[in-house]
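The values are calculated or read from the model by the stated rules, or taken from the named source; none is laboratory data. Since we're looking at a predicted model, the values are computed, not measured. Here the Cβ positions follow ideal geometry from the backbone for every residue, glycine too, while neighbour counts run over all protein chains shown.
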């Protein structure tokens, strides 16, 4: 009030200013602003007061003040229609023009940047006027003098609530964090309670947490720890232990303690024979032991919670069980069942008037809309979450909105992101142990900052591999994306082992507020990077099938594009045709969704690869892969082929290091018996091919066709003009065998160090009497040798 007095004194002297009263909800910001208004009125000031409302234009709050000040109506309209510099200054001049006037704006932060922009212009005008401004906000608006309000000490609370007994006052202080608004509410609840338990126990069981998801309300934890020894019976003790475990989820180091607490609570609850207590303990246990490995257990426990809550007539707990059921079904990739469970939860929440549960349901509908590529619908639902979440008092509304927009931006591109890398790093600092660094790494690689992403991958990987909790699988998936695009084979190997248990499931974060698609998609990326191409194709086929079945079009496009890359590298019969079809379908889907660049996000810029001597060794640079290789004859052969893509080089020339070697006659390449055997087999394949065509068996027809073409190629190679057999030479045959063996061994060695480069060379290098590097898809634009 002394600061308010100074503000009013200066305004009375023609030196107005701005006082920003900041602090968390319940700190008394609105009450202090009201007291400032009363003091100004007592001194003869004209007081104009309003409040900003979330979702409304920020200029509207100032337009209302203009109307209250009697300004012409067109001025307010100009402010709303054209908030340019002249309109802002005209409005500020009128607002500052009063004689001893106080303007009070509650919750100016609800008006966003637009409301603060007008405040900055008003502040410049009132500096030489007899007008003062008081605004309230959670965070400082950066204008004027800040008066930050926090919690009261326990002694200050004693003066504020003199009728509370010392033990009750201590409990209220812990549960409220000393915030007077919260403390008043808790004290009123205590006074109205008829429960026979002591005040600490009553508060510990009923006080709302002041923490967001994965934060820890340390005051509430301390209150629960004090209340447990005072539990009057085993059922109450079970409830206290379960809630304590629930509140400790945000402490990543407390996993063993959470399990011990929930084990004891569950035994006491089952022994009590009280359905409501058991349902409450099971609910808290699911939260406290939230781990991806327990999806099947979560589904079973959710069903038990629903049955117990119905038996006890506890509608709120029944809705919790319904929500847990939805989450578990999403994790298990049972999407159709999950949607039915979500619809039932939403209906129950709306019927009960449970605003927070309705917001949770709306957020999951937004997640599903994004998953299916309905980005316009998702944006509308996210806006509803933002408005209704704040209205319902959902503590982590802003973070939930952030998360939903982040999922959409993963598909739509970084420009759609609601955050920056610095903001993500700030979140990681605020929530240590919850693997937020994985989001940082993924966002860096999405924005093309691959080296920084690789460094963040190195930092985050150990914690993700040894971590647990509701974000662990999601974090592993994000790092898998980074490892695949950055070409980190060592990290890809470790992440593949971590994700394999979740093959066939969906990657979800927390309470399924985000779904990144099938785990098989990320496993397919990792397997491709490691050169495990059969596994890669299998995983990506699974991911694509799940995308098809659930209508998850953005993920389907990515899975098809990744499958095309794996098929192009594998080069099995029919793979190239399948790769082309997958790639075409991926582009078609992306175009329909309005995000044509989506498939390209999985293809790092190839550019130029190199294989060069470095002293006694060779250095291979293939996109993100790098390897140092010991000198060998095979590397010399390989460099000669890479230097002349598409050209046939005799194996004799490779051995000699250049053309011109003479060859001695060693007889025909194929003797008559071999030629006859080849021809008999071709006739057999002609019959198989005709039968497969008649039966519509495209796979058998493709297999027969490929074998027939290979045999015809060998006959052509061994036959000259007029059908006469070509002559082999002893030197040429020895060169063919040695060069083939040496090149294949060299490519195998490269594959161990650089799997993608090795797979490309396996698909591109042709050996025989004549050798050739014929670039297959997935390689560089050119080689530097």
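Below are the figures for this structure:
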item	result
Given (1) under 21 Å from residue 585 (Cα atoms); (2) modelled with pLDDT of 95 or more, index of the condition residue 528 fails	(2)
Residue 196 vs. criteria touching a helix residue (DSSP H, G or I) at 6+ places or on another chain (Cβ under 9 Å), part of a loop (DSSP other than H, G, I, E, B) and at pLDDT below 90	no
Residue match in the stretch 740-763 (condition: without any contact (Cβ under 8 Å) to a residue 40 or more places away in the chain, under 17 Å from residue 569 (Cα atoms) and either buried (at least 19 other Cβ atoms within 10 Å of the Cβ) or in contact with a strand residue (DSSP E or B) (Cβ under 8 Å, 6 or more places away or on another chain) (or both))	no
Given (1) farther than 18 Å from residue 509 by Cβ; (2) free of Cβ contacts under 8 Å to residues at least 40 places away in the same chain; (3) surrounded by 21 or more Cβ atoms within 10 Å (Cβ to Cβ), number of the condition residue 355 does not satisfy	(3)
The stretch 152-172 - residue that is buried (at least 21 other Cβ atoms within 10 Å of the Cβ) and in a loop (DSSP other than H, G, I, E, B) and, of those, modelled with the highest pLDDT	152
Per-region count, the stretch 678-688, residues modelled with pLDDT of 75 or more and surrounded by 12 or more Cβ atoms within 10 Å (Cβ to Cβ)	7
Condition broken by residue 25, with the remaining ones in (1) in contact with a strand residue (DSSP E or B) (Cβ under 7 Å, 6 or more places away or on another chain); (2) outside any helix (DSSP H, G or I); (3) under 23 Å from residue 110 (Cα atoms) satisfied	(1)
Flag for residue 627 being at pLDDT below 90 and buried (at least 16 other Cβ atoms within 10 Å of the Cβ)	yes
Residues that are assigned to a helix (DSSP H, G or I), over 35 Å from the mean Cα position of the chain (by Cα) and either within 20 Å of residue 116 (Cβ to Cβ) or modelled with pLDDT of 90 or more (or both), drawn from the stretch 42-74	42, 60, 61, 62, 63, 64, 65, 66, 67, 68
Residue match in the stretch 503-518 (condition: free of Cβ contacts under 8 Å to residues at least 24 places away in the same chain and within 25 Å of residue 250 (Cα to Cα))	no
Yes/no for residue 205 being closer than 19 Å to residue 241 by Cα and in a helix (DSSP H, G or I)	yes
Residue match in the stretch 572-579 (condition: closer than 20 Å to residue 758 by Cα, touching a residue at least 24 places away in the same chain (Cβ under 8 Å), outside any helix (DSSP H, G or I) and touching a helix residue (DSSP H, G or I) at 6+ places or on another chain (Cβ under 9 Å))	yes
Among the candidates 330, 322, 360, residue that is touching a strand residue (DSSP E or B) at 6+ places or on another chain (Cβ under 8 Å) and either buried (at least 17 other Cβ atoms within 10 Å of the Cβ) or in a loop (DSSP other than H, G, I, E, B) (or both)	330
Test set (1) within 38 Å of the chain's Cα centre (by Cα); (2) in contact (Cβ under 8 Å) with a residue 12 or more places away in the chain - residue 164 fails condition number	(1)
Residue match in the stretch 398-412 (condition: touching a strand residue (DSSP E or B) at 6+ places or on another chain (Cβ under 6 Å), touching a residue at least 60 places away in the same chain (Cβ under 8 Å), closer than 25 Å to residue 215 by Cβ and surrounded by 16 or more Cβ atoms within 10 Å (Cβ to Cβ))	yes
Residue match in the stretch 459-470 (condition: under 16 Å from the mean Cα position of the chain (by Cα), touching a residue at least 40 places away in the same chain (Cβ under 8 Å) and closer than 26 Å to residue 599 by Cα)	no
Output for the stretch 495-518, where each listed residue is in contact with a helix residue (DSSP H, G or I) (Cβ under 6 Å, 6 or more places away or on another chain) and over 24 Å from residue 553 (Cα atoms)	495, 496, 498
Residue within the stretch 722-732 that is under 23 Å from residue 632 (Cβ atoms) and modelled with pLDDT under 85 present	yes
The stretch 532-560 - residue that is surrounded by fewer than 24 Cβ atoms within 10 Å (Cβ to Cβ) and outside any helix (DSSP H, G or I) and, of those, modelled with the highest pLDDT	551
Matching residues in the stretch 218-272 - criterion: being part of a loop (DSSP other than H, G, I, E, B) and more than 20 Å from residue 468 (Cβ to Cβ)	231, 232, 233
Checking residue 97 against (1) surrounded by fewer than 19 Cβ atoms within 10 Å (Cβ to Cβ); (2) touching a residue at least 40 places away in the same chain (Cβ under 8 Å); (3) part of a loop (DSSP other than H, G, I, E, B); (4) on the phi < 0 side of the Ramachandran plot, the condition it does not meet	(2)
Only listed residue being over 21 Å from residue 396 (Cα atoms) and surrounded by fewer than 17 Cβ atoms within 10 Å (Cβ to Cβ), chosen from 232, 180	232
Residues that are more than 30 Å from residue 358 (Cα to Cα) and either in contact (Cβ under 8 Å) with a residue 40 or more places away in the chain or in contact with a strand residue (DSSP E or B) (Cβ under 8 Å, 6 or more places away or on another chain) (or both), drawn from the stretch 477-501	479, 480, 481, 482, 483, 484, 485, 486, 487, 488, 489, 501
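Residue-by-condition table, conditions (1) assigned to a loop (DSSP other than H, G, I, E, B); (2) closer than 21 Å to residue 375 by Cβ; (3) at pLDDT 95 or above; (4) under 24 Å from the mean Cα position of the chain (by Cα):
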residue	(1), (2), (3), (4)
568	no, no, no, no
582	no, no, no, no
592	no, yes, no, yes
604	yes, no, no, yes
621	no, no, no, no
